[in-house]
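Read-outs throughout are calculated quantities, based only on the coordinates presented, and are distinct from any laboratory measurement. Not measured: the values here are computed from a predicted model. Every residue, glycine among them, receives a Cβ derived from its backbone with ideal geometry; neighbour counts consider all protein chains shown.
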Amino acid sequence: MAKPGHGTITLSDDDPLIVVGVNTSFTSEFGARMQIMLARGLGNATAEVVEVLDDHRLRIKKELDRKSVV
């Protein structure tokens with residue numbers, strides 16, 4: 001079941017598989033093989049989390065559409 005997370009996310013300029021968060025708590029909200037999902041207003045895109053790097057960065061399996069992540 002999906003639940004809202006904290007903060008806002010963008011994609012890294014250097015690596016499209018890195019999600020960068022501001023005011024996020026990725027280490028307590030995500031783990032490997034979980035999914036991150038964008039809000040309904042952004043198209044409900046989902047991506048599998050491969051690795052949580054820290055509270056503000058995580059690596060996803062496939063690239064999200066950059067137009068959706070603002």
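Summing charges over neighbours of Thr24, with a neighbour being any other residue whose Cβ is under 10 Å away from its Cβ, gives -2 when K and R count +1 and D and E count -1. Modelled spin-label separation between Leu53 and Thr27, with each label point placed 7 Å from Cα along the Cα-to-Cβ direction: 1.5 nm. Computed from phi, the 3J(HN,Hα) profile of region 8-20 under the Karplus parametrisation 6.51, -1.76, 1.60 (θ = phi - 60°) reads 10, 10, 9, 9, 4, 5, 8, 8, x, 9, 9, 9, 10 Hz, with x in place of Gly and Pro.
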